[in-house]
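J.: I'd like to ask some things about the structure below.
The values are calculated or read from the model by the stated rules, or taken from the named source; none is laboratory data. Remember, predicted model here, so these are calculated numbers, not experimental data. In this analysis, Cβ positions are derived from the backbone assuming ideal geometry, glycine residues included, and neighbour counts consider all displayed protein chains. Just the protein is used for accessible areas: all its heavy atoms, side chains included, with ligands, DNA and RNA removed. Shrake-Rupley method; radii C 1.70, N 1.55, O 1.52, S 1.80 Å.
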Amino acid sequence: DDKILTSSNGLMISGFCAAGRALGRQDYIAAAEKAGNFLCTHLLDQNGAKSAENGGKLLRSCYGASAHALQQLDTPIHGFIDDYAFTVQAMLDLYESTFDVIWLKRAISFQDTQDALFLDKSDGGYFAAEEGASDIIIRLKDDHDGAEPSSNSISAMNLLRLHKLTNNKKYKTQAEKIFEIFHLRLTQIPVSMSALTEAYLFYRQDGPVLLLNTSHPDHKEFITELHSKYLPFLTCLTPEVGQEVSGHLAGANLTPSSKGLLIKSDQDEKVPVNSLEEVLQNL
């Protein structure tokens, strides 16, 4: 079997990113980047003539033993909801591992495409099948986190992370709707939706954003130190996000001597930080 699945590669990329950050293994991060570029090249619908940063649609799979001998079906299978959810997660993990803004742009683009194809625009949450699929009688929504987390659980976390990174309120609103439609299951049998429980904790904690000073001579060592700690409610980003993706960082002025600026959830309190200890004290 020589199938190369988009969803599985998305999960693998996230795994490499998490291990690379925690263990300080740049070879793991490099492997994740290589796989991310492969996904955005060979698992993208070429007929649409759109890039991964500009509304490109995912394919479910490709076939072949190497990048030099890849094949595709005569009629390629378009990506399912889990392909999009796991790919957006992978792009966000790649951004938080490399702080290359291209990965955040790709996450936003794939999230927009996911919304266009699968979002329940009236009640919220994501259907498993595309809108208008002729071979589907009933469009259902995944609601169980088993060996693989459900697309709705992963999407809730993706949306919350995008909100933290861009300050775009629509992402937070869509995540809140996912919590609303699954609230009975989430409260009565949370173990059946463990990934959604994790997303809800992230939502309720509403942790701060750390704007990193990439001009500081010790910024790489500071990032390595941050990555070595388990800080699930902290969101890190770079000034390039404000310049190229969103203008919400306009009032966040970094001083040359500080390694970062910790921005609390209400955006009013901004604390310059120069060490991991200072970050931990202000969480």
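J.: Quick one, can you get me the convex hull of the C-alpha atoms of region 32-188 expressed as volume per residue in Å³?
T.: Values: hull volume 21.3 nm³, N = 157.
With only Cα atoms used, region 32-188 gives 136 Å³ per residue.
J.: Whole-Hz Karplus ³J(HN,Hα) for region 194-211, in order, using 6.51 cos²θ - 1.76 cosθ + 1.60 and θ = phi - 60°, x for Gly and Pro?
T.: 5, 6, 6, 4, 4, 5, 5, 4, 4, 5, 5, 5, 6, x, x, 10, 10, 7
J.: A further question follows. Any idea what the dipole of the chain comes to, in debye rounded to 20, about its Cα centre with Lys/Arg Cβ at +1 and Asp/Glu Cβ at -1? Provide the component values of the computation, followed by the final result.
T.: Numbers: 25 positive and 37 negative charges, 65 e Å.
So the magnitude is around 320 debye.
J.: Can you give the FRET efficiency to the nearest 0.05 for residue 280 and residue 131, using r as the Cβ-Cβ distance and R₀ = 45 Å? Write out the running numbers ahead of the final one.
T.: Working: r = 45 Å, r/R0 = 1.00.
The value I calculate is 0.50.
J.: Okay, moving on. Strictly over 22 Å apart at the Cα level, which of 34/172; 34/229; 164/259; 105/170; 170/264 would you flag in this model?
T.: Flagged as over cut-off: 34/172; 34/229.
J.: Considering the convex hull of the alpha carbon atoms of the chain, report its projected area averaged over all viewing directions, in nm², one decimal. Don't jump to the answer; show the numbers that get you there.
T.: On the way: hull surface 64.2 nm².
Mean orientational projected area (the chain, Cα hull): 16.1 nm².
J.: Share of Cα-Cα pairs in region 113-222 beyond 23 Å, in percent?
T.: Working: 2213 of 5995 pairs.
Roughly 37 percent, rounded to a whole number.
J.: Could you tell me what percent of the accessible area of the chain is made up of carbon and sulfur, with a 1.4 Å probe and every protein chain present? Display every interim value, and only then the final one.
T.: Values: 7040 of 13670 Å².
Ligands and nucleic acids excluded, carbon and sulfur give 51 percent.
J.: Next up: Among 139-152, 216-229, how do they line up by average Cβ neighbours within 10 Å per residue, starting with the highest?
T.: Working: 139-152: 17.8, 216-229: 14.9.
Taking the mean over residues of other Cβ atoms within 10 Å, the ranking is 139-152, 216-229.
J.: Sorted by mean Cβ packing within 10 Å, highest first, what order do the peptides 69-79, 198-208, 88-98 take? Show your work: numbers first, answer last.
T.: Working: 69-79: 12.9, 198-208: 17.0, 88-98: 24.6.
Ranking, from highest mean packing down: 88-98, 198-208, 69-79.
J.: Can I ask one more? Under a point spin-label approximation (7 Å from Cα along Cα-to-Cβ), what is the residue 252-residue 69 distance to one decimal in nm?
T.: About 4.8 nm separates the two model spin labels.
J.: Follow-up question, since we're still on this one. Enter the angle in degrees (range 0 to 90, nearest 10) between the Cα long axis of helix 169-181 and the first principal axis of the Cα atoms of the chain, meaning the one along which they spread out most.
T.: Between the helix axis and the principal axis of the chain, the angle is about 60 degrees.
J.: Moving on to the next point. Between 149, 132, 29, whose Cα lies farthest towards the positive end of the dipole of the chain when Lys and Arg beta carbons carry +1 and Asp and Glu beta carbons carry -1, centred on the Cα centre?
T.: So the residue we want is 29.
J.: Report the FRET efficiency, 1/(1 + (r/R0)^6), for residue 264 and residue 168, where r is their Cβ-Cβ distance and R0 is 22 Å, rounded to 0.05. Mind showing how you got there, number by number?
T.: Details: r = 18 Å, r/R0 = 0.84.
That pair, residue 264 with residue 168, gives E of 0.75.
J.: Grab the DSSP H runs of the chain that are 4 residues or longer, score each as -39,500 (n - 2.57), total them, divide by all residues and round the 222 nm result to the nearest 500 deg cm²/dmol. Could you put the intermediate results ahead of the total?
T.: Working: 11 runs with 139 residues, N = 283.
It lands at -15500 deg cm²/dmol.
J.: For region 155-283, treating each Cα as an identical point scatterer without solvent, what Debye log10 I(q)/I(0) comes out at q = 0.11, 0.18 1/Å?
T.: The Cα Debye sum returns log10 ratios of -0.43, -0.98.
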